[in-house]
Every structure is written in structure tokens, then in C-alpha cells.
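Please read the structure below before turning to the comments.
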Amino acid sequence: MTQLYDPTLVDWSRAQFALTAIYHWCFVPLTLGLSFIVAFMETLYVKTGNEEWKRITKFWMTLFGINFAIGVATGIILEFEFGTNWSNYSWFVGDIFGAPLAVEGIMAFFIESTFVAVMFFGWNKVSKKFHLVSTWLAAIGANLSALWILVANSWMQYPVGMHFNPDMTRNEMTNFWDVLFSPVAINKFLHTVSSGYVLSAVFVIGVSAWYMLKNREIRFAKLSILVAAVFGLITSLFIILTGDHSARLMAKHQPMKFAAMENIYQGQRKAPLVVFGVLKNNNTDSLAKEDFAFKLEIPNFLSSMAFLDANAYVPGIKDIVQGNSEHGIISASEKIQKGKIAIQTLRDYNTAKKTKDYDKAKESLSILNANYNYFGYGYLTDAKQIVPPVKLTFYSFRIMVALGFWFVVLFVLVLIFLFRNRLENKRWFFRAAIISIPLAYLASQLGWAVTEVGRQPWVIQDLMPAITAVSNINVGSVKITFALFAIIFTILLIAEIKIMLKQIKIGPKDGGNE
């Protein structure tokens with residue numbers, strides 16, 4: 001893992017993983033939220049005995065099933081890529097990263113797949129209550145799958161509960177609970193699944209609005225909208241809370257990502273929050289400030305949001321790259337030197353062990369441990385390499401937040417229209433709800449863009465840059481598989497959209513889609 005690879009190979013490997021992850025995430029959030037919406041609908045059916053709720057449940061369950069099947073297929077590819085394209089990464093942290101994935105496979109995936117089968121094939125074969133429990137367990141299983149994946153991803157952003165084994169040149173888990181219950185993992189899980197709930201609520205409202213626009217299935221559409229709007233509004237408010245906490249965790253543990261997200265180059269006290277702005281600079285120097293053509297900002301709010309103190313100092317990109325002794329920030333150049341010391345003493349340690357020079361091995365190990373927190377910096381050649389793409393991170397965050405607030409307005413409006421019995425004539429609103437479906441997917445993808453683009457160049461924060469994580473394979477192979485995945489996943493996405501649209505045009509059937 002001490003080898004640096006061809007940048008072209010690294011770029012193509014990153015592009016391939018990003019491509020497959022983006023496609024996979026087209027399917028996952030709808031599965032997470034729609035599973036619970038269906039469970040709520042079936043609960044209403046069991047509680048009231050109203051056959052209309054059974055009809056509604058079965059319709060949305062059909063759309064859930066189509067999405068679930070393709071989502072599973074695209075997710076399996078991602079796990080294989082850790083072995084084929086990122087084998088150095090898998091070696092370096094496989095003992096830790098593999099554990100959550102294994103738990104997902106053993107526990108969550110089996111719960112999910114078992115009870116999904118009962119959901120679809122158990123109608124009239126098991127009791128109502130057993131079927132309802134199966135639907136809830138399928139929803140819980142789907143979300144547990146997400147939990148373990150998000151725990152693994154969070155560990156990459158905030159590595160805890162492990163130690164470095166110099167004899168194996170790999171990290172090993174020392175405390176499973178530290179990994180599972182790290183504040184970053186807990187918040188990321190809650191925030192990410194909440195975004196899936198909001199997307200699903202928008203999806204249900206948008207599809208139901210299409211029926212309203214076509215003057216079809218009015219009662220079905222109204223009841224579906226009611227459940228989705230209440231579910232969406234509650235989870236939207238929750239996502240605001242988790243998003244706020246996420247910003248504080250980022251400011252504390254990933255200050256460079258936070259500075260890039262806010263386009264802050266020079267740190268300051270009483271930092272304002274730029275609600276929206278347009279960047280005008282198009283320079284190639286990563287330390288040259290991206291100026292605003294215009295901006296709308298709230299004074300002191302960024303300091304308050306990040307540190308719960310309006311007078312708090314928010315470090316900028318230059319502070320983190322060049323260092324700021326007044327605020328105890330060491331420069332990236334100093335971290336690079338410490339990283340190089342860590343890498344060299346690891347080599348010295350292994351050499352000393354081979355020659356049985358135990359005193360030298362002990363001394364090298366002591367120096368390695370003292371500098372290990374900067375191990376990944378040792379592979380960087382320029383301090384500016386720690387600066388992620390600022391514009392993409394900045395805009396992704398703001399568009400995501402703006403869309404999130406639009407969805408809150410959407411949920412509030414539809415509930416007002418419903419309770420005032422004025423929904424049926426709101427054709428402008430139906431069109432807005434339909435258009436909101438792709439916007440919900442856009443917001444969800446932009447959230448991941450902030451998370452993943454903003455933490456570059458790191459695969460594991462401070463410990464492993466992407467340039468050391470890839471497999472030593474032919475770049476031509478990666479290009480070919482990239483093209484194949486692009487073609488196959490695009491076909492799968494088109495197929496899903498066509499099947500979904502066909503089912504929506506057919507509409508709910510009497511007694512469900514039996």
C-alpha cells in the first residue's frame with residue numbers, strides 16, 4: 001500500500017465507483033421511505049378494515065417491489081468493487097470496513113429479503129396481523145441495511161475504534177461499539193435515511209398528483225397524499241435537526257470540508273452564513289479566493305451554527321493549508337512531514353524486525369505511533385492537495401438545502417389544501433408536485449456530492465488518500481468496465497422508469513394488483 005499509482009488509474013477508478021454509487025442511490029432512498037409509507041398504509045387497513053387502504057397499500061407495494069429489486073442488483077456491484085478496484089484500501093482497513101458490511105449481509109439483508117417475500121406473496125396466505133408485521137419488518141430490515149453501510153462510510157470520514165498493526169500494515173478494530181455509535185455514524189444514518197423518507201413522500205405526492213391532474217382515482221390519490229404529506233413533513237423537520245448537527249460535526253472533524261462547503265478562505269470570528277451566492281472567480285490556484293458576484297448572508301450565523309457561539313472562530317482554507325498558530329492549527333506542510341516520518345519509520349520497523357534489531361524496532365514503533373495520525377499526509381506532495389473542489393461543494397450544499405425547504409413548503413401546502421378541501425382544483429400545484437419528483441432525487445444526490453467530493457483527497461480521513469487506495473490493475477480494464485457499467489446501469493434505470501410508468505398508468509386495481 002506504500003505505492004503511488006498512475007493518476008489516470010486513480011481518476012478512472014474514482015469515476016467508476018462514483019458512477020455505480022450514483023446509479024445505486026437512484027434506487028435506495030425510495031426503498032427506505034416507501035417501505036415505511038406502505039407499512040403505515042397497511043396499518044390503517046388492518047386497524048379500520050377499509051378495503052380502500054388495502055388497495056392503496058398494494059399499489060404502492062408494487063412500486064416498492066420494482067424499485068427494491070433493481071436497487072439490490074446495483075448495490076452488489078459496489079461491494080465487489082472494493083475487491084477489484086480498491087484492494088489496497090480493503091487490505092488497509094478491511095478488518096474494520098468489512099465488519100459492518102458482513103453484519104448487513106447476515107442480519108439486515110436476510111430480514112429484509114425474507115419478509116419482502118411474505119409482503120408480496122403472503123396476501124390471503126397468512127393472517128392480516130402476520131402480514132402487517134412482515135411489512136414492518138421488511139421496512140426495518142431495509143433501513144438496517146442502510147445503517148451498516150452508513151456506519152462503514154462514516155468510519156471513513158471519522159476513523160475511530162481501531163489501532164494500526166505495523167506487522168500487517170493494516171488497521172484493526174479494537175472496539176466495535178465505538179465504530180457503530182460514533183457521533184458521525186449515528187447522525188449520518190439519521191440524516192441519510194430521513195432524506196430517503198422525504199424523497200419517498202415527494203414521490204407518493206407527485207404520482208398521486210398525476211392522478212388528480214388526470215381526474216382519476218381521486219379518493220385513492222387524496223388518501224395517499226395525506227399519508228405521504230404527514231410522513232414527509234415530520235421527517236423534513238427531523239432532517240433539518242440532523243442536518244444542523246451534521247454541520248457541527250463536520251466543522252469539528254472535517255474542517256476543510258466545512259470551509260470548502262462555505263467558501264471560506266480566511267478564517268474569522270463572527271463568521272456570516274452565505275445563504276446563497278454566485279461565485280465569479282475561475283482560477284486554477286486552489287488557494288486563490290473564490291469571490292462572489294453577489295451573495296445573501298446572515299451575520300454571525302455560521303459561527304453560531306458550527307460552534308453554538310456567535311463569536312467562535314471558523315477556520316478557512318488558508319488557515320488549514322498554511323497553519324494558524326494563534327488558533328492552534330498546524331499547517332498541511334507540517335502534517336506532510338509528520339506523515340513522511342510515519343511512513344519511513346514503518347519501513348525502518350519492518351527492516352529492524354527482519355534483522356532482529358529489536359531496540360531499533362521499538363524506537364521506530366514509538367516514532368510511528370507518535371506520527372500515525374498524519375500517516376496519509378505522507379503520500380501527498382503538495383499542501384494544496386488537501387483542498388477539495390470548492391465550487392462543486394459550495395453549490396451542491398446550497399441547492400440541496402434550497403430544495404429541502406421547498407419540500408417542506410410542498411408538504412405544508414398540500415396539507416392545508418386537503419384540510420380546507422380545496423385540493424382538487426389546484427392544477428398548478430399538481431404540476432409542481434410532479435416536477436418535484438426529479439428535484440427530490442437531485443437533492444439526494446447533491447447531499448452525497450457534499451459528503452464525498454468535500455472530503456477529497458481522502459479515502460480515509462487523514463490516513464489514506466485515494467492515490468494509495470486503488471488496485472494495481474490496467475487502466476484500460478477500468479475504462480472498459482466503466483463503459484459497461486454505464487451502459488448496463490442506464491438500461492436498468494430506463495427499464496425501471498418504464499415499468500414504474502406502466503404500473504402508474506394502469507393504476508390501483510380492485511383488491512390490489514393480484
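Return the residues of the stretch 84-140 that are among the polar types (S, T, N, Q) and either open to solvent by less than 30 Å² (accessible area, probe 1.4 Å) or within 29 Å of TRP177 (Cβ to Cβ) (or both); say none if nothing qualifies. Explain how you work it out, then say what you get.
Residues of the stretch 84-140 among the polar types (S, T, N, Q): 84-85, 87-88, 90, 113-114, 124, 127, 134-135.
Listed by number, the residues that qualify are ASN85, SER87, ASN88, SER90, SER113, THR114, SER134, THR135.
Per-residue answers, yes or no, for (1) farther than 30 Å from ASN165 by Cβ; (2) buried (at least 16 other Cβ atoms within 10 Å of the Cβ); (3) in contact (Cβ under 8 Å) with a residue 60 or more places away in the chain:
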position: VAL321; (1), (2), (3): yes, yes, yes
position: GLY328; (1), (2), (3): yes, no, no
position: ALA332; (1), (2), (3): no, yes, no
position: ILE341; (1), (2), (3): no, yes, no
position: LEU346; (1), (2), (3): no, yes, yes
position: THR351; (1), (2), (3): no, no, no
position: ASP357; (1), (2), (3): no, no, no
position: ILE367; (1), (2), (3): no, yes, no
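Looking only at the stretch 330-342, count how many residues are of a type in the set (A, V, I, L, M) and within 31 Å of the chain's Cα centre (by Cα). Qualifying residue count for the region: 3. Report, by residue number, each residue of the stretch 328-367 that is touching a helix residue (DSSP H, G or I) at 6+ places or on another chain (Cβ under 6 Å) and more than 24 Å from GLN254 (Cβ to Cβ). Passing the criteria: THR345, LEU346, ASP348, TYR349, ALA352, LYS353, LYS360, ALA361, SER364, LEU365, ILE367. Residues in the stretch 473-485 that are assigned to a helix (DSSP H, G or I) and touching a residue at least 40 places away in the same chain (Cβ under 8 Å) were compared, and the one that is least open to solvent (accessible area, probe 1.4 Å) is VAL478.
ARG216 satisfies every condition listed in (1) modelled with pLDDT of 95 or more; (2) not in a helix (DSSP H, G or I) except (1).
Of all residues in the stretch 34-53 being of a type in the set (D, E, K, R) and open to solvent by less than 50 Å² (accessible area, probe 1.4 Å), which is modelled with the highest pLDDT? Full working, then the answer.
Within the stretch 34-53, the subset of a type in the set (D, E, K, R) is 42, 47, 51-52.
Checking the rest, the ones that are also open to solvent by less than 50 Å² (accessible area, probe 1.4 Å) come to 42, 52.
Details: GLU42: 97, GLU52: 94.
My answer is GLU42.
May I ask you to say which residue of ALA229, ALA259 is touching a Gly at 6+ places or on another chain (Cβ under 7 Å), part of a helix (DSSP H, G or I) and of a type in the set (Gly, Ala, Ser)? It would help to see each step written out before you state the result.
Working: ALA229 fails: touching a Gly at 6+ places or on another chain (Cβ under 7 Å).
Checking each option against the conditions leaves just ALA259.
Looking only at residues that are buried (at least 19 other Cβ atoms within 10 Å of the Cβ), of a type outside the set (Phe, Trp, Tyr) and within 18 Å of the chain's Cα centre (by Cα) in the stretch 248-259, which one is nearest to VAL450 (Cα to Cα)?
LYS257
Out of curiosity, is LEU446 in contact with a strand residue (DSSP E or B) (Cβ under 8 Å, 6 or more places away or on another chain), at pLDDT 95 or above and closer than 18 Å to SER154 by Cα?
no
Applying a threshold of 8 Å to beta carbon distances and a minimum spacing of six or more residues, or different chains, the list of pairs starting in the stretch 45-59 at a residue that is in contact (Cβ under 8 Å) with a residue 24 or more places away in the chain and ending at one that is crowded, with 21+ Cβ neighbours inside 10 Å and among the small types (Gly, Ala, Ser) reads ILE56/SER224. Restricting to the stretch 60-71, give me the number of residues that are free of Cβ contacts under 8 Å to residues at least 40 places away in the same chain and either buried (at least 18 other Cβ atoms within 10 Å of the Cβ) or not in a helix (DSSP H, G or I) (or both). So the answer is 1.
Mind listing whichever residues of the stretch 171-195 are among the polar types (S, T, N, Q), open to solvent by 20 Å² or more (accessible area, probe 1.4 Å) and in contact (Cβ under 8 Å) with a residue 60 or more places away in the chain? Working first, answer last.
Residues of the stretch 171-195 among the polar types (S, T, N, Q): 171, 174-175, 182, 187, 192, 194-195.
After this cut, where a residue has to be open to solvent by 20 Å² or more (accessible area, probe 1.4 Å) as well, the list is 174-175, 195.
Scanning the stretch 171-195 gives a single hit, SER195.
When the criteria are applied in full, SER396 meets the requirement of being open to solvent by less than 20 Å² (accessible area, probe 1.4 Å) and over 22 Å from VAL227 (Cβ atoms).
Out of VAL414, VAL470, VAL459, one residue alone is assigned to a helix (DSSP H, G or I), open to solvent by less than 30 Å² (accessible area, probe 1.4 Å) and touching a Phe, Trp or Tyr at 6+ places or on another chain (Cβ under 8 Å). It is VAL414.
Can you find a residue in the stretch 394-406 that is assigned to a helix (DSSP H, G or I) and touching a Lys or Arg at 6+ places or on another chain (Cβ under 7 Å)? Reasoning before the result, please.
First, the residues of the stretch 394-406 that are assigned to a helix (DSSP H, G or I): 394-406.
Okay, now just the ones that are also touching a Lys or Arg at 6+ places or on another chain (Cβ under 7 Å), so none.
Taking every residue of the stretch 394-406 in turn, none turns out to be assigned to a helix (DSSP H, G or I) and touching a Lys or Arg at 6+ places or on another chain (Cβ under 7 Å).
Only one of the numbered conditions (1) open to solvent by less than 50 Å² (accessible area, probe 1.4 Å); (2) assigned to a loop (DSSP other than H, G, I, E, B) is not met by MET168, and that is (1). Inspect all residues belonging to the stretch 207-229 and state whether any of them is without any contact (Cβ under 8 Å) to a residue 24 or more places away in the chain, surrounded by fewer than 19 Cβ atoms within 10 Å (Cβ to Cβ) and not acidic (Asp, Glu). Checking the stretch 207-229: at least one residue is without any contact (Cβ under 8 Å) to a residue 24 or more places away in the chain, surrounded by fewer than 19 Cβ atoms within 10 Å (Cβ to Cβ) and not acidic (Asp, Glu). Whenever a residue of the stretch 120-144 is farther than 19 Å from THR31 by Cβ, its partners that are assigned to a helix (DSSP H, G or I) and of a type in the set (Lys, Arg), lying with C-beta atoms within less than 8 angstrom and at least six residues away or across chains, give the pairs TRP123/LYS58. For the stretch 417-431, the tally of residues that are open to solvent by less than 30 Å² (accessible area, probe 1.4 Å) and either on the phi > 0 side of the Ramachandran plot or part of a helix (DSSP H, G or I) (or both) stands at 3. With respect to the conditions (1) more than 30 Å from PHE238 (Cα to Cα); (2) modelled with pLDDT under 95, ILE343 falls short on a single one, namely (2).
The values are calculated or read from the model by the stated rules, or taken from the named source; none is laboratory data. Quick caveat, the model's predicted, so the values are computed rather than measured. FYI the Cβ positions are ideal-geometry reconstructions off the backbone, even for glycines, and counts take in every protein chain you see. Areas reflect the complete protein model, heavy atoms only, side chains present, ligands, DNA and RNA absent. Shrake-Rupley method; radii C 1.70, N 1.55, O 1.52, S 1.80 Å.
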